[in-house]
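K.L.:
Input: one structure, supplied below.
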Amino acid sequence: MTTRRALGLFASRLTSNRRSVGALNTSTCFSTAAGSDASSFVDVEAAQERARLKAAALAAQAQADGGAMYVFDRTVKAAHRDRAAYLRRIHPSGDTTDPFLEEIARRTLDRLSDVKREFPRVLVLGGAGDAVVRRLLRDRGDVRVIVVTDMSRDMLRLVKDNVAAEFSVAGGGEGGDSLESQVVRSASGGEVTVHYLHADEEELPAKGQSVDVVVSVLGLHWANDLPGAMTQARMALVPDGMFLSAVLGGETLREMRISCAVAELEREGGVSQRVSPLAQVSSDGPFPVSSRTSRFPSWLLYMSRPHS
């Protein structure tokens, strides 16, 4: 019973936070460093207006629903990303990369090879952004500009430091606390400009038709409004652009979820949600940019579609 009362208190606090979301200053969600010139890809005013409209709609919906709460608290998610960046930096091996993220990034970007065209401008949405950016610089000689977004400044700094450690920096910042844009030499010898944008993928401050491909690897399964986030990604794409995404599927951690449910049912007489809700293959139909979905392996969803 103590556990249930604690969960109830936690839920009520999240509900209270949701009701007050309309009062938040949305400008804190979108920022670039003074030395970063990503203005060709960013429309902050439009993103802020969408955030204000969405906050008002959510507040009205919360009142109508009697206080239904967000599934994912965005502030907590940003804190989790900060912690993940810190733990990778202090790993005893000294290796700040993640083998799991590296493999999923490789499998996802491998799908770009199936399309016989160039993608010079790339937008990377959170998640395994570090692995995605370095894989693009290694394997894609056609890339000229990469815009990396993340809710966590610490994670963006980790991405920047790892890029500087692996590739020659031809201009811009070489690491540290600054999020100044970098000009790096890719494995093919070409110069690639990498912009670092502190932003929430749910309120993407991207200009319409400004990028050729949007890549999200293991990030969108934390979105409260997944169709909305994917719609914004579609708006950022040029005609005939490409959207690539990999999210954790509905069978992820199935055995652990069953064990937790059985143990809690025996000890507490009820079951609580212990794992984030995840997308199912059958639920992807209504998504505006995911008409072609493959499942490989069973716990991972790949979604891709040319945008015309």
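The values are calculated or read from the model by the stated rules, or taken from the named source; none is laboratory data. It should be emphasised that the depicted structure is a prediction, and the values quoted were computed from it without experimental measurement. For neighbour counting, all protein chains shown are included, and Cβ atoms are generated from backbone atoms with ideal geometry for every residue, glycine included. Protein only, heavy atoms only, side chains kept; ligands, DNA and RNA dropped before computing areas. Shrake-Rupley method; radii C 1.70, N 1.55, O 1.52, S 1.80 Å.
K.L.:
With θ taken as phi - 60° and the coefficients 6.51, -1.76 and 1.60, list the Karplus ³J(HN,Hα) couplings across the stretch 81-89 in order, rounded to whole Hz; mark glycine and proline as x.
P.N.:
Karplus-based 3J(HN,Hα) across the stretch 81-89 equals 5, 4, 5, 4, 5, 5, 5, 5, 5 Hz.
K.L.:
Tell me the Kirkwood hydrodynamic radius of the stretch 122-248 in angstroms, computed as one over the mean inverse distance between distinct C-alpha pairs. Mind showing how you got there, number by number?
P.N.:
Details: mean 1/r = 0.0690 Å⁻¹.
Result for the stretch 122-248, one decimal place: 14.5 Å.
K.L.:
Please go through the stretch 93-141 and write out the trypsin sites (Lys or Arg not before Pro) that DSSP classes as loop and that have at most 16 other C-beta atoms within 10 Å.
P.N.:
Numbers: sites: ARG106, ARG107, ARG111, LYS116, ARG117, ARG121, ARG134, ARG135, ARG138, ARG140; in loops: LYS116, ARG117, ARG140.
Answer by residue number: LYS116, ARG117.
K.L.:
Another question about this same structure. For MET235, what accessible area in Å² do you get when you roll a 1.4 Å probe over the heavy atoms of the protein chains, rounding to the nearest 10?
P.N.:
The value for MET235 is about 110 Å².
K.L.:
Ratio of the stretch 90-140's C-alpha Rg to 2.2 N^0.38 Å, to two decimals? The partial results should precede the final answer.
P.N.:
Numbers: Rg = 12.4 Å, N = 51, 2.2 N^0.38 = 9.8 Å.
Dividing the Cα radius of gyration by 2.2 N^0.38 Å gives 1.26.
K.L.:
In nm, give the distance between the simple-model label positions of GLN209 and GLU264, each being 7 Å from the Cα along the Cα-to-Cβ direction.
P.N.:
It is 4.8 nm.
K.L.:
Just how much of ASP114 is accessible, in Å², when a 1.4 Å probe is used and the result is rounded to the nearest 10?
P.N.:
Counting only protein heavy atoms, the figure is 120 Å².
K.L.:
With no solvent and one point per C-alpha, what does the Debye sum give as log10 I(q)/I(0) for the stretch 186-238 at q = 0.13, 0.18 Å⁻¹?
P.N.:
Log10 I(q)/I(0), no solvent term: -0.38, -0.67.
K.L.:
Which length gain, in nm to one decimal place, applies between GLU103 and VAL71 when the Cα-Cα distance is subtracted from 0.36 nm times their residue separation? Don't jump to the answer; show the numbers that get you there.
P.N.:
On the way: separation 32, 0.36 × 32 = 11.52 nm, distance 2.78 nm.
Extra length available between GLU103 and VAL71 comes to 8.7 nm.
K.L.:
Convert each backbone phi in the stretch 205-211 into a coupling constant with the Karplus relation 6.51 cos²θ - 1.76 cosθ + 1.60 (shift: θ = phi - 60°), then list the ³J(HN,Hα) values in order as whole Hz, x for Gly and Pro.
P.N.:
So the Karplus estimates, Gly and Pro as x, are x, 9, 6, x, 6, 10, 9 Hz.
K.L.:
Additional query: Which of the lysines could a cross-linker bridge to LYS77, judged by Cα under 21 Å and excluding same-chain residues fewer than eight apart?
P.N.:
LYS54, LYS160
K.L.:
Another question, if that's okay. From the P(r) of the stretch 202-272, can you give the percent of Cα pairs sitting at distances over 13 Å? Working shown, then result.
P.N.:
Details: 1775 of 2485 pairs.
Here the tail beyond 13 Å accounts for 71 percent of pairs.
K.L.:
Any idea of VAL271's accessible area? Nearest 10 Å², probe 1.4 Å.
P.N.:
Its heavy atoms expose roughly 90 Å² to the probe.
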